[in-house]
1. So which residues in the stretch 29-71 are under 28 Å from the mean Cα position of the chain (by Cα), part of a helix (DSSP H, G or I), over 23 Å from D10 (Cβ atoms) and without any contact (Cβ under 8 Å) to a residue 24 or more places away in the chain?
2. Condition test on L74, is it without any contact (Cβ under 8 Å) to a residue 60 or more places away in the chain and not in a helix (DSSP H, G or I)?
3. Going through A230, A265 one at a time, which residue ends up being within 13 Å of the chain's Cα centre (by Cα) and surrounded by 12 or more Cβ atoms within 10 Å (Cβ to Cβ)?
4. In the stretch 98-106, is there at least one residue being polar (S, T, N, Q), surrounded by 13 or more Cβ atoms within 10 Å (Cβ to Cβ), at pLDDT 65 or above and out of contact with any Lys or Arg (no Cβ under 9 Å at 6 or more places or on another chain)?
5. Scan the stretch 199-211 and give yes if some residue there is over 16 Å from L247 (Cβ atoms), small (G, A, S) and either exposed (fewer than 12 other Cβ atoms within 10 Å of the Cβ) or out of contact with any Gly (no Cβ under 8 Å at 6 or more places or on another chain) (or both), otherwise no.
6. Inspect the stretch 33-45 for any residue being within 23 Å of L96 (Cα to Cα) and either of a type outside the set (A, V, I, L, M, F, W, C) or out of contact with any helix residue (DSSP H, G or I) (no Cβ under 6 Å at 6 or more places or on another chain) (or both) and give the result as yes or no.
Amino acid sequence: GRPPQAVAFDLDGLLVDSSPAWEASFRVTAARLGCDLANDQIDALMGLAVPTAAARIARWSGSGARTRQAVAILDGALAAAVAAEPPPLLPGAFDLVTALSGRVPLALASNGPAPVVAVALATGDTGVLPNLPVTGIVAVVGLVALLGSLLLIPRLRNWVWGRIGPTLAQVWPRLVWVLGRPSRMVFAMLGTIIQFGGYVAAFWAALVSFGLTDLPLGAITLVFLIGNAAGSAAPTPGGLGGVEIALTAGLRALGVATATAASAAVLFRAITYWARVPLGWIAFRQLVKHQDL
């Protein structure tokens, strides 16, 4: 027969053993709604999407809870279960994906929320599965494609160029100068790595200050990356407001309470963004004063 043109993997039960996390989250959700689940009910829920499973649990509980409330509880319980004990990769899963990687396009399907899927992949005890895009990554690519298509509109393109053109005219000669000196490129790359590590460390410290000491470093890093990228799309200076909301949403996906997640996100941004504004203003004034800018 013809060789496959692409391969789509199911995550749960094929690549990772996530059934314990799902069962634990089902039972937590039922307990929060005031009921217990029998084993046959757990079996009936396995393989269902979160909204469908949450709706059934809400109906079985007889508590009158709305599906949206049950979905929020199940999402949080599932994220907490995955963060506390990442699902192990099933035997042969890593070798299978590695063997196909680079030969055909690979994709991933799961009923779990995208942040939970990302944590499962990034913190699996056997290693990260290569080249399996999750919804968040696909969404970022789609956003870039959308912005690129908007630039096809002449009036919008001229407006954007009018805003960034003068800045590029000043930056481009210096960029060419740096690119022509490999040693400076090495220092720039090292600086970027150190800066990234510093941001992740500051985010971790903000979480620890609120007692969140059990979150995996991989999950924290992933929340920072996705939250910072998504929040920076906000039309405000430095993603002000957008980054805080995105980081809070990412922490909520890991099962952190909303108040704690928001407080940790605001503290992190206060240290790494807001507190630097007056320092930046002073530095700017000094550079102008000495005619370095």
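The values are calculated or read from the model by the stated rules, or taken from the named source; none is laboratory data. Keep in mind it's a predicted model, so treat the numbers as computed, not measured. Positions of Cβ are generated from backbone atoms using ideal geometry, with glycine treated the same way; all protein chains shown enter the neighbour counts.
1. T67, R68, Q69
2. no
3. The unique qualifying residue is A230.
4. Scanning the stretch 98-106, I find at least one residue that is polar (S, T, N, Q), surrounded by 13 or more Cβ atoms within 10 Å (Cβ to Cβ), at pLDDT 65 or above and out of contact with any Lys or Arg (no Cβ under 9 Å at 6 or more places or on another chain), so the answer is yes.
5. Yes: one or more hits.
6. No, the stretch 33-45 has no match at all.
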